[in-house]
Amino acid sequence: MDAPLPANGMDQGEPLMRAEGIGMAFHGHAALADVRFQIHAGELVAVLGPSGAGKTTLFRCLAGLARPDRGCVRVDGQDMTRATGGNRRRMARGIALVFQQFNLVGRLTALDNVLAGRLGHVPAWRGWLRRFSRADRLLALECLDRVGLLAKAGQRADSLSGGQQQRVAIARALAQRPRLILADEPVASLDPATAAGVLDLLRGIARTDGVGVVCSLHQVDLARAAADRIVGLADGRVVVDLPAASFDTAAAARLYSTP
Ligand SMILES: Nc1ncnc2c1ncn2[C@@H]1O[C@H](COP(=O)(O)OP(=O)(O)OP(=O)(O)O)[C@@H](O)[C@H]1O
């Protein structure tokens, strides 16, 4: 008999990214301790945990923005933590980041912000002069269309609503043509309905494009509705790693009551 397919219905194969025993301390206090989990193509993994559990520190380690004291992050089996030069840049290009505060340039249009997603793919001088090719412009417009904001392409980013700004940030991530999207509390600044819409969008991208998405969240209900898997961090350790459908009140109690 065939093995059952994972929660997202896709054949998972080799993981895109693997956290292998990540540890990181600040002033002698462990923010992360022996964190291990995997992310596969096409799945949305929600990282939940109480305040101070280490979600942002983990996100920074996965994104290559911080170097863990112990363990490593592997992308396609290669150790990103110790990669240098062109190799590191190539790995970083495959990882797009989405932040709670959107990180758009307010005075630039939505389209120009999305084009920033192409910066890792074009020669530096083109980026400085904002000389993007026709193909890059078409791709950026296509990405805006996918997030439902083609009509806002020429509008300044700071004139858009919070939900629209986060959609532009997701379009920018898409324009990078990433294999992984790491989103640190992407819906923390949004109202519940807008938040659910943004998570639906990320889940659709995971499914349609086969991108792995990791998303830290504070709301259990949103995580259960949008994610394929939930990884629970408490006091820097993974205390839960379950298909979202199996994340019940007992799992939530285990996660949020860990001393
Ligand atoms: N730059 C830093 N210097 C010192 N301590 C830090 C630093 N960054 C994080 N920490 C500590 O590491 C621990 C984990 O913090 P982190 O921000 O990763 O948690 P979090 O789960 O993202 O929290 P929240 O949900 O409140 O954003 C906390 O005890 C925090 O005080």
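Mind checking the alpha-carbon convex hull of region 194-259 and giving the volume per residue in Å³? Please list the in-between numbers first.
On the way: hull volume 5.4 nm³, N = 66.
Here the figure is 82 Å³ per residue.
What percent antiparallel are the DSSP beta bridges of the chain, to the nearest 5?
On the way: 21 of 39 bridges.
Of those bridges, close to 55 percent are antiparallel.
What ranking of Glu142, Glu14, Glu185, Glu43 emerges when the number of other C-beta atoms within 10 Å of each C-beta is taken as an exposure proxy, fewest first?
Values: Glu142 14, Glu14 10, Glu185 18, Glu43 26.
Listing Glu142, Glu14, Glu185, Glu43 from fewest to most nearby Cβ atoms yields Glu14, Glu142, Glu185, Glu43.
Suppose we flag trypsin sites (Lys or Arg not before Pro) only when DSSP calls them loop and at most 12 other Cβ atoms lie within 10 Å. Which is the longest uninterrupted stretch of the chain?
Details: sites that count: Arg82, Arg107, Arg130, Arg131.
Result for the longest clean stretch: 132-259.
Under a 5 Å amide H to amide H cut-off, with H placed in plane at 1.01 Å, what residues pair with Ala234 once short-range neighbours are removed?
Val239
Can you put His40, His218, His27 in order of Cβ neighbours within 10 angstrom, beginning with the fewest?
Values: His40 22, His218 14, His27 5.
So the residues, fewest neighbours to most, are His27, His218, His40.
Dividing the Cα convex hull volume of region 17-101 by residue count, how many Å³ per residue is that? If you can, show how the numbers build up before the last one.
On the way: hull volume 9.7 nm³, N = 85.
It is 114 Å³ per residue.
With a 10 Å Cβ neighbour count serving as the proxy for reagent exposure, in which order, fewest first, do Ile205, Ile39 appear? Show your work: numbers first, answer last.
On the way: Ile205 21, Ile39 25.
Placing the least packed residue first, the sequence is Ile205, Ile39.
Starting from the Cα-Cα distance between Arg70 and Phe26, subtract it from 0.36 nm times their residue separation and give me the gain in nm to one decimal. All intermediate terms of the calculation are to be shown ahead of the outcome.
Numbers: separation 44, 0.36 × 44 = 15.84 nm, distance 1.29 nm.
This chain segment gains 14.6 nm when fully extended.
Quick one: give the max-minus-min coordinate of the C-alpha atoms of the chain along each principal axis, largest first, in Å.
Principal-axis extents of the chain (Cα, largest first): 51, 49, 42 Å.
Calculate the FRET efficiency for Asp248 and Ala188 from the Cβ-Cβ distance with a Förster distance of 22 Å, rounded to the nearest 0.05.
Working: r = 24 Å, r/R0 = 1.10.
For Asp248 and Ala188, the calculated efficiency is 0.35.
What does the extension gain come out to for Leu108 and Asp79, with contour length at 0.36 nm per residue minus their alpha carbon separation?
Numbers: separation 29, 0.36 × 29 = 10.44 nm, distance 3.59 nm.
So the chain would gain 6.8 nm between Leu108 and Asp79.
Would you mind checking which residues have amide H under 5 Å from Thr81's amide H? H placed 1.01 Å from N; only 5 or more apart, or other chain.
Distant-sequence amide H within range of Thr81: Val73.
Once you have the Cα-Cα distance between Val239 and Leu150, take 0.36 nm times their residue separation minus that, and quote the gain in nm to one decimal.
Values: separation 89, 0.36 × 89 = 32.04 nm, distance 4.17 nm.
Fully extending the segment from Val239 to Leu150 adds 27.9 nm.
Values in this text are rule-based calculations from the coordinates and carry no lab data. For clarity, every value in this text was computed on a predicted model and none was experimentally measured. When we count neighbours, we look across all protein chains shown, and the Cβ atoms used for this are built from the backbone with ideal geometry, even at glycine.
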